[in-house]
Every structure is written in C-alpha cells, then in structure tokens.
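A short worksheet on the structure shown next.
The values are calculated or read from the model by the stated rules, or taken from the named source; none is laboratory data. Everything numeric in this text was worked out from a predicted model, so none of it was measured. Positions of Cβ are backbone-derived with ideal geometry, glycine not excepted, and every protein chain shown enters the neighbour counts. Calculation scope for accessible area: heavy atoms of the full protein, side chains included, ligands and nucleic acids excluded. Shrake-Rupley method; radii C 1.70, N 1.55, O 1.52, S 1.80 Å.
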Amino acid sequence: MIRSIFIKETQLLLKDKGTYFWLFVLPILFIVMFSSIFGNAGTTTYTIRYFDADGTKESRQFMDTLAQIKGFELAADNEKSLADQIQAVRDGKQTSLLVIPQGYSQRLLGKGAAEVELHRDAAEDAAAAPVAAVLDSVTKQYQEHKLRVALKGTGQSQTGIDALLTAPIQVKDIKENVAKANPVTQIVPGYTVMFVFFIMITMIHNFLRDRDSGMVSRLKGTPLKAHQYLIGMWLPNMMVVLVQSTVLLTFGFIVYGLHLGDLFAVAAVIISLSICATGIGLMLSVLVNSVNTGVAIVQIIAMGGAIVGGLWFPYELLPKAVQWIGLFTPQYWAQRGMQDVMIRGAHLDGVWMTILILLAFGLAGLAVATASFNRFAAKAKN
C-alpha cells in the first residue's frame, strides 16, 4: 500500500508545474538576483563627492591623497554651487559632500589646524560611514607627517623617528576559515534552506485534496494504517527536496564557484534538512483546515525562520534577542551546518549536532501527524 501511495504521489508531483516554479525556478531567480547585487561586495567602490573652495596646491594634494586609496573614487560637480550641493544632501538627494573651505591652505601651512567639512545625510549615516572612516585615516597620515617633520627638526634620526611613531600595539589579522567566506557562501545556502520549506505548501495542498476528494475515507476501509499512509505521502516530497537542494547547490557551484567542502557532510545535512521540512509539512497538513490557512502558516515559518535564522543576513549581525530566537528554528541549524562544512572545513563529526536537531524537528512532526491523523480523517468526505 505504501508503494501505491508513493507512486501516485510522485506522479502527481511531477505533473504539478507549480512545484517546479516554487521549488526550483524561484529560488534560482533569488540566488541570481542577490548574488549579482552582493556577490562583488568585496570590490565595492565608494564615491567621494567633493567641492574644493580653496583651489590651492595644498587642497589638490589632499584630494590626491584620497584618490590613491583603493576602493574610493572622487567626483566633483563643477556646474552646481556649494550651497546647491549642500542643499542636495539636506534633501536626501546625495548622501555626503566633502568640502575644502577657503583658507584651508593658509591654516595648514600656519600654526593652526586646517579643517575640512563632511556634510552627510543623517538618514543615510551607514552609507556615508566609509567616507568618514577614510577621512579619519587621511587626517592621521597628515598628523604623522607633521610629527615626523617636528621630530626631524629636533635632530632625531630616521630610525629613531620610526621607532617613536610605531604603534605600541598592532593587530595581526589571521583568518582561520579553510575556504574564503564571501557573499555567495551566505546567499546560496541561505536561499536553498529557505525555499526547502516551501515544499510544505505542496504537501498541504495534496493532503487536503485527498481528504476532500473522498480518498481518505476510502482508505479507512482498507488495512492501511495511518503511519503507512503518511510515509507514502512523505517519501515523494522528501525526494523532491533532495533534488531541489542538489540542483540549487550545484547551480551555485557551477555559476558562482561556491565551495562545497566535504560532500558527504553536505549530503548528510541536506538529507536531515529534507526530513525536517517534510516532517513539519506532514504535521501542518493534518492540522490545518484549509489551503489558505496552510499557506499563511508556511509563509510565517519560511520567511520568519529565514529572518531570525540568519538566511538573509549573517547571523552575527542580527540583534541579540533575534539571535536567541533563531536558535530555536531549523533554518538556523541548517544554515550553520552548511556553512560549517563550506567555510570552516567541517566534516561529518563537526555537524552531528545540526543533523540530530534537524532530525528531531522532522520526527517530531511525523509523531504529531500520526497522532492527529484520525482527527484529520474524520473530516474526510465520503
């Protein structure tokens, strides 16, 4: 009987064109879109818009120093007045404007401190932050140069000056990850995990179809047990999720060079994830009363879990309260397991906790579905 249900459900899944769209086409579109936007985040160029009101050799020298910094480019609008450009920042049409005021050169060469002005839109503070940081770095270079000149005037040797200006503490940046982390290692596994849970919509639709068509009522007159029916309905959907995950990760590997790591460990995480998502899908399928209710709940689980589980943004960047909530979602554990393998070089022994937690979610769903099946079957049409 399980075999018959399995074959029937597999045939229906293959005929349903909506399944292909939700589980394959849409996630690939998301992966392509977000990888195209953020995939080259490491090579982003920031534009420093400026207005040189001083127009001296010293002011041009300052701007040349900024232009030499990798990742930044200068842009000047000579057609608009200074007042108009500042007003553009106030109106939110421009995030920032660097102004070198008149008298900059005189103050720089004199005994006072020369000033430059950074006008920025407070509502876009994050966008202007890199410009503010690079300006701070350049001013420190000028400060160091001034100190070197002063020390040299006291008769200090170049070696002595270098020793005095060497920072007493230096940070040695050592990356411990086996593979290079980049936006693709966040995007591809993240959207793979997120769209896996959309299989629950198909499962809910198919269960309610069997119930409302009278098939469940006819099955009650056979020796078929509840868990056998559930397993027969479960296995085809689990296979679809396995194929879906394989296709999406392979797409990421071929198109974006996603580092997969230990394939056996990745496969173990995917299998446990498929059991988890379809197990929860079984539970919802026998508990909801309508397709609309089921779709709404799935959206909450899929989208809400994607946010708090760190599928859209790196988990470490989320607020602490959200991180704590995320620990109770299967999405967090699935994403963590994949990134442990792909980025940190973990093997099967390094993701065993992830696998156990995902399996626990799935088997708990199966247990609830089995216990609730009689109530579900009682609503079936004769």
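Relative to the first principal axis of the alpha-carbon coordinates of the chain, what is the inclination of helix 26-38, with its axis defined by its Cα atoms, in degrees from 0 to 90 and to the nearest 10? That works out to roughly 10 degrees. Dipole size of region 116-165 about its Cα centre, with +1 on Lys/Arg Cβ and -1 on Asp/Glu Cβ: approximately 420 debye, rounded to the nearest 20. Remark: region 44-165 carries a charge dipole of roughly 500 debye about the Cα centre, counting +1 on each Lys and Arg Cβ and -1 on each Asp and Glu Cβ. Compute the acute angle (0 to 90°) between the alpha-carbon long axis of helix 2-15 and the principal axis of greatest extent of the alpha-carbon atoms of the chain; round to the nearest 10°. Taking Cα atoms only, the helix is inclined about 50 degrees. Here's how it looks for Ile48: its modeled amide H is under 5 Å from those of Glu73, Leu74, Ala75, which are all 5 or more places away or on a different chain.
Karplus-based coupling profile of region 88-97, in residue order and whole Hz: 5, 5, 5, 7, x, 8, 8, 6, 7, 8, with θ = phi - 60° in 6.51 cos²θ - 1.76 cosθ + 1.60 and x standing for Gly or Pro. Between (1) 0.98; (2) 0.96; (3) 1.18, which entry matches Rg/Rh (Cα atoms, Kirkwood Rh) as derived from the coordinates of this structure? Here the calculated entry is (3). For Met63, what is the net charge nearby, where nearby means another residue's Cβ is under 12 Å from its Cβ and Lys, Arg count +1, Asp, Glu -1? Within the 12 Å Cβ shell, the charges total -2. Comparing mean-square fluctuations of Tyr315, Tyr50, Tyr229 from a GNM of the chain with C-alpha springs under 10 Å, the top value falls on Tyr50. Couplings 3J(HN,Hα) for region 230-237, derived from phi with the Karplus relation 6.51 cos²θ - 1.76 cosθ + 1.60 (θ = phi - 60°), are 5, 5, x, 7, 6, 4, x, 5 Hz, where x marks Gly and Pro. Look at the alpha carbon pairs under 8 Å that are at least 6 residues apart: their mean separation over the length of region 44-165 gives a relative contact order of 25 percent. What the pair-distance distribution of region 44-165 shows, using all Cα-Cα distances binned every 10 Å from zero, is 12, 38, 31, 13, 5, 0 percent. Accessible area per residue was computed with a 1.4 Å probe on protein heavy atoms; Lys80 scores about 110 Å². Pick from Leu327, Leu147, Leu287: which is most flexible by mean-square fluctuation in a GNM of the chain where alpha carbon atoms under 10 Å apart are linked? Greatest mean-square fluctuation among the candidates belongs to Leu147.
For region 269-275, backbone phi angles converted through the Karplus equation (6.51, -1.76, 1.60; θ = phi - 60°) give residue-by-residue couplings of 5, 5, 4, 5, 5, 5, 5 Hz, Gly and Pro being listed as x. Its Cα centre serving as origin, the chain has a Cβ charge dipole (Lys and Arg +1, Asp and Glu -1) of approximately 1520 debye.
Of all the options Trp312, Trp234, Trp324, the one that moves most in a Gaussian network model of the chain with Cα springs shorter than 10 angstrom is Trp324.
For the chain, build the charge dipole from Cβ charges (+1 Lys, Arg; -1 Asp, Glu) around the Cα centre, then report which of Phe328, Val216, Met342 sits farthest towards its positive end. Projecting each Cα onto the dipole axis, the largest value belongs to Val216. Amide hydrogen proximity for Val351: with H placed 1.01 Å from N in the peptide plane, no residue at 5 or more positions away or on another chain lies under 5 Å.
Highest mean packing first, where packing is the average number of other Cβ atoms within 10 Å per residue, the peptides 288-301, 244-257, 133-146, 267-280 line up as 267-280, 244-257, 288-301, 133-146. Does region 226-272 come out rounded, prolate or oblate, given a ≥ b ≥ c as the square roots of the eigenvalues of its C-alpha gyration tensor, rounded meaning a/c under 1.5 and, failing that, prolate meaning a/b above b/c? Verdict is oblate for region 226-272.
Per residue, the accessible area of the chain comes to 54 Å² when a 1.4 Å probe rolls over the protein heavy atoms. From the Cα gyration tensor of region 225-333, with a ≥ b ≥ c the square roots of its eigenvalues, which class applies: rounded if a/c is under 1.5, or else prolate if a/b is larger than b/c, or else oblate? Oblate shape, in that a/c is at least 1.5 and b/c is the bigger or equal ratio. Take the Cα of Lys93, step 7 Å toward its Cβ, do the same at Thr293, and the gap between the two points is 5.4 nm. For region 44-165, with all protein chains in place and a probe radius of 1.4 Å, 48% of the accessible heavy-atom surface sits on carbon or sulfur.
What 222 nm value per residue comes from the helices of the chain, counting each DSSP H run with n ≥ 4 as -39,500 (n - 2.57) and dividing by all residues, nearest 500 deg cm²/dmol? Spell out each step's value before the answer.
Details: 18 runs with 245 residues, N = 382.
Theoretical 222 nm ellipticity from helices: -20500 deg cm²/dmol.
Helix 57-67 and the long axis of the chain differ in direction by around 20°, with both axes built from C-alpha atoms. Distance from the alpha carbon centroid of region 278-357 to that of region 195-239 works out to 23 angstrom.
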